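Written below as structure tokens is the structure these notes are about.
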Amino acid sequence: MTDANQEFDATHPSGQVLFRSCRGGFLHSVALAEAALTADASTLAEAILRTAEVSHLRALMEVRDEILASGHTPSEAVPTPADLRAATARLADHDLFAE
């Protein structure tokens, strides 16, 4: 359960932030390139949050699929593919080095 799954990786569009999650949406690792540290602190924080959200949601989609495959209906608390699409769009719109 603590092994990283590359299918859950999310990289910021700048290529400077990487999040890797495990099954169930647990954080495995974070990588920040040195260039990311030159960004404004609040912009970097936003990049980290958006990238983490996408990685987390990718992992949770596996859980959702398992719930559905077992013949059950996920609760409202379980994110949907639409949540992942929205998070992915928010991440794609973020500019780490905007001035």
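Data for the structure
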quantity	calculated
Pairs, first of a type outside the set (D, E, K, R) in region 87-99, second exposed (fewer than 14 other Cβ atoms within 10 Å of the Cβ) and not in a helix (DSSP H, G or I), C-beta under 6 Å, six or more apart	none
Enumeration of residues in region 28-68 that are among the hydrophobic types (A, V, I, L, M, F, W, C) and more than 22 Å from residue 85 (Cα to Cα)	31, 32, 33, 35, 36, 37, 39, 41
Selected residue (criterion: surrounded by the fewest Cβ atoms within 10 Å (Cβ to Cβ)) from residues of region 48-64 that are among the aliphatic types (A, V, I, L, M) and in contact (Cβ under 8 Å) with a residue 24 or more places away in the chain	63
Evaluation of residue 31 against (1) touching a helix residue (DSSP H, G or I) at 6+ places or on another chain (Cβ under 9 Å); (2) assigned to a strand (DSSP E or B) (one fails), failing number	(1)
Subset of region 65-93 (residues that are buried (at least 18 other Cβ atoms within 10 Å of the Cβ) and out of contact with any strand residue (DSSP E or B) (no Cβ under 8 Å at 6 or more places or on another chain))	79, 84, 87
Residues that are assigned to a strand (DSSP E or B) and either of a type in the set (Lys, Arg) or closer than 25 Å to residue 41 by Cα (or both), drawn from region 4-22	10, 11, 17, 18, 19, 20, 21
Sole exception among (1) among the small types (Gly, Ala, Ser); (2) under 12 Å from the mean Cα position of the chain (by Cα); (3) farther than 13 Å from residue 10 by Cβ; (4) not in a helix (DSSP H, G or I) for residue 86, by number	(4)
Pair list, Cβ under 9 Å, 6 or more apart: region 1-12 residue modelled with pLDDT of 95 or more, other residue assigned to a loop (DSSP other than H, G, I, E, B) and of a type outside the set (Asp, Glu)	12/94; 12/96
Conditions (1) in a helix (DSSP H, G or I); (2) touching a residue at least 24 places away in the same chain (Cβ under 8 Å); (3) over 23 Å from residue 97 (Cβ atoms): number failed by residue 68	(2)
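The values are calculated or read from the model by the stated rules, or taken from the named source; none is laboratory data. All figures in this text were calculated on a predicted structure; none of them were measured in a lab. FYI the Cβ positions are ideal-geometry reconstructions off the backbone, even for glycines, and counts take in every protein chain you see.
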